[in-house]
Each structure stands twice: as C-alpha cells, then as structure tokens.
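The values are calculated or read from the model by the stated rules, or taken from the named source; none is laboratory data. Everything numeric in this text was worked out from a predicted model, so none of it was measured. Using ideal geometry, Cβ is built from the backbone for each residue, glycine included, and neighbour counts are taken over all protein chains shown. Heads up: the accessible areas ignore ligands, DNA and RNA and are worked out on the full protein's heavy atoms, side chains in. Shrake-Rupley method; radii C 1.70, N 1.55, O 1.52, S 1.80 Å.
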Amino acid sequence: MLTSYDYSMAKLVDEAGVDVILVGDSASNVMSGNETTLPITLDQMIYHGTSVVKAAQRALVVVDLPFGTYQGNSKKALSSAIRIMKETAADAVKLEGGKEIIESVDRILSAGIPVMGHLGLMPQSIHKYGTYTVRAKQEEEAQKLLEDARLLEEAGCFAIVLEKIPAELGKKVAEAVRIPIIGIGAGSGVDGQVLVIHDMLGITQEFSPRFLRRYHNLAAEIKGAVGSYIDDVKSVNFPSEREQY
C-alpha cells in the first residue's frame, strides 16, 4: 500500500502494481504544508479522493476520514463516510482509533461501507500524545492495542493499519486476528506495508523516521531538472529550432 493524492501520481502507482492506494490525510502535510494532519477538511479529502479514483484501474482505493468528521458523533461519521463514497467512488474509508470510535465504525459498516482501521500512533491524536515517538511500548497500552484490534475485527473491519509500534507487538497483533495487518513502522511480522509516496520517493527530505526507506531521491532530480531548464532558457538554448513552429 502506498499513498497518492492526485491523478498523475496515482496512475503511476496503480500501473506499477500496488495493491492498495491510500488517499491519506497526510495530504495535509505533503500537499498543503501543514505541520499536522488535523487541518485538512472533508471537502479536501473528497477532492483528492476523486482525483485518485479516476486514475486507479486495479488498486483498491481507501480514503481517510479526516479529523473531526467521525470522533464522538456516529451520525456525523456515517454522513462523512457516505459523502466520501458517493462523491469519490472510492472502495473504502479509514478511521483512527479502537474502542473510542467503535460506535462510528459500527454505524458506517451498517451502511455497507467497508472500513479499514488504524491503531498505534494515530496522527490525528498528536496533541494528546505530544510527540510522534513509538507507541505501545508499555504493557498497558500494548494490551489495549491488541484488544482494540480484536474489537475492530469483530465489528467487521477488513484490515488494520498499525503505525510506529514495537515489531514484536505488530507480529503479535497479526497473529491474533485473521484480517490483514498493514504496518508503517510496525516491523516485518505483519501482512503488508504502507509508506507515504512523497517520503518513499525522496520528494520530502525533512522527514526521516527509522521506518522510512527512501527508494529514490526525486528532490535532487527535480531540482536538477529545473536548474537545467532555467539555464537553457537564460542562454536561449530552449526552445531550439526543432522545438519551434
């Protein structure tokens, strides 16, 4: 699983063979320049989701429900999920949390909308945590996470993302439930992995957690290409005779 937020990138990711495209609320960071995922709105997520769905011919497309659209109000959660499904034509939605949001999960599932869960580090709760450090290192939090995973499975979620938790716990959760567990900083003992596309391709440079493997350095390549373009324009090398009408 990889994230995408626009038509062009999603088309490439889909054609490359990724199984699931996540239209993550991480768009708040990499597309809008916000420090957290909290500011992004439902309308913005629908915009990104619509663009991605148009490009995806084979991958499952999952859209994040943004902060404030499902917490504490299951009727609002259902309304938000219905808007995403109707207006984007996505395949599923993703919510952060376990027992605290189970009523919203139940209500969304009751409408026939597939739900992917998200446990561990939950970026929408960053102001509660105060830091992006590894979660569930203590026994009490680890036990709650395991119970929440079982609760989400019992409710009917088809998969769960586990973010930034000890690898041993990630493996334990994957063995405890039958639905796919997708990790991001949750070790190799889970069923799949997800990364933010801008991080994985090296477009973003300032974000370097241990779990991130950069498969490219597109920042350097893009800057180099733009620099060459500037040089060619200033030296009247571009356009050449062949590039004119």
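Rounded to whole numbers, the Karplus 3J(HN,Hα) couplings from phi for region 178-190 are 9, 7, x, 10, 10, x, 9, x, 10, x, 9, x, 9 Hz, using 6.51 cos²θ - 1.76 cosθ + 1.60 with θ = phi - 60°, and x at Gly and Pro.
Principal axis extents of the Cα atoms in the chain, from largest to smallest and rounded to whole angstrom, are 67, 37, 32.
When the convex hull of its Cα atoms is viewed from all sides, region 196-245 shows a mean projected area of 4.8 nm².
Per-residue ellipticity at 222 nm from helix content only, as computed over the chain with -39500 (n - 2.57) for each DSSP H run of at least four residues, stands at -12500 deg cm²/dmol. Of the residues E140, E243, E15, E163, ranked by 1.4 Å probe accessible area with the largest first, the sequence reads E140, E15, E243, E163.
When the chain is modelled as a GNM with alpha-carbon springs shorter than 10 Å, which of D231, D199, D19 fluctuates the most? Per the Cα network of the chain with a 10 Å cutoff, D231 tops the list.
How about K171: which aspartates and glutamates have a C-alpha closer than 13 Å to its C-alpha, ignoring those fewer than 8 places off in the same chain? Cross-link targets: E163, D191. Near Q193, the amide H atoms lying under 5 Å from its own belong to G183; only residues 5 or more places off or on other chains count, and H is placed 1.01 Å from N.
Could you tally the net charge around G183, taking each other residue with its Cβ under 11 Å from the Cβ of G183, Lys/Arg +1 and Asp/Glu -1?
0
In the context of the full set of protein chains, residues of the chain present 53 Å² of accessible surface per residue (probe radius 1.4 Å, heavy atoms only). Using a probe of 1.4 angstrom, how much of the accessible area of region 2-214 is carbon and sulfur, in percent? C and S atoms contribute 50 percent here.
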